[in-house]
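The values are calculated or read from the model by the stated rules, or taken from the named source; none is laboratory data. Source: prediction; values computed, not measured. Methodologically, a virtual Cβ is constructed for each residue, glycine included, from the backbone with ideal geometry; neighbour enumeration extends over all protein chains shown.
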Amino acid sequence: MTISDVIMVFATLLSPVIALGVLALVARKRATTDRRVEIFRTLMRTRAQATSTEYVDALNAIDVEFQGSSRRLRDILAAWHQYQNWMDQPVTQPAWEVERRRLLTDLLFQMSEYLGYNIDRAIIGKLGYSPVVHGNKENDETTIRRELAKILSGQTSLPIFFTNQLPAASANAGREASATTETLPDSGVAKP
């Protein structure tokens, strides 16, 4: 048996193992990319709904899914942390929302470039389409939850007002009708 025969035997035995290793590596890389794309797509889809659970969940996944040593991944994480720090600030200045949108646009633009999307920064900055009625609905639901929580916690009471009271003429007619009604003996049934 020559050295070339030994190499041929090893190559024959090791090639399936090497192929499986490469396939596993490719599958892991693909799964990571899929998770990153899903986070990006969720943030793009919900970027006008900064309080939605789906939006917040996607933001919170950035720290885990965009880990890496490349400069672009570090830039994405830095942009996310800037946005996160800004979101933790109290809304005390009129320009707060303008800065929030700018930071979000920067984050999403960096993510789009990293993932290979060709989306203009201005398009990302528009925050997508969100009908006014959705904002009104979200505000109404927030108000209802807040006020209901106050009632249930005892901070306030539920005011009750009586309306649609009978007018005086209707009330008198009702009394006159009941005065002319007599009850049949032992039956409890009223006879007109």
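Pick from Thr46, Thr2: which is out of contact with any helix residue (DSSP H, G or I) (no Cβ under 6 Å at 6 or more places or on another chain) and modelled with pLDDT under 95? Show your work before the answer.
Values: Thr46 fails: out of contact with any helix residue (DSSP H, G or I) (no Cβ under 6 Å at 6 or more places or on another chain).
Answer to the selection: Thr2.
Considering the range 49-64 alone, what residues qualify as being surrounded by 15 or more Cβ atoms within 10 Å (Cβ to Cβ), at pLDDT 95 or above and of a type outside the set (Val, Ile, Thr)?
Ala58, Leu59, Ala61
Which residue pairs have Cβ atoms under 6 Å apart, sit 6 or more places apart or on different chains, and have a first residue in the range 47-58 that is assigned to a loop (DSSP other than H, G, I, E, B) and a second that is among the hydrophobic types (A, V, I, L, M, F, W, C)?
Correct list of pairs: Arg47/Leu127; Ala48/Leu127.
(1) in contact (Cβ under 8 Å) with a residue 12 or more places away in the chain; (2) over 18 Å from the mean Cα position of the chain (by Cα): which one isn't true of Val98, the others all being true?
Tallying (1) in contact (Cβ under 8 Å) with a residue 12 or more places away in the chain; (2) over 18 Å from the mean Cα position of the chain (by Cα), Val98 fails exactly one: (1).
Given the structure, is Ala122 in a helix (DSSP H, G or I), modelled with pLDDT of 85 or more and surrounded by fewer than 10 Cβ atoms within 10 Å (Cβ to Cβ)?
yes
To keep it simple, each residue is scored yes or no on (1) at pLDDT below 90; (2) under 16 Å from Thr51 (Cα atoms); (3) assigned to a helix (DSSP H, G or I).
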site	(1), (2), (3)
Asn85	no, yes, yes
Val91	yes, yes, no
Glu97	yes, yes, yes
Thr105	no, no, yes
Glu113	no, no, yes
His134	yes, yes, yes
Glu141	yes, yes, yes
Ile160	yes, no, no
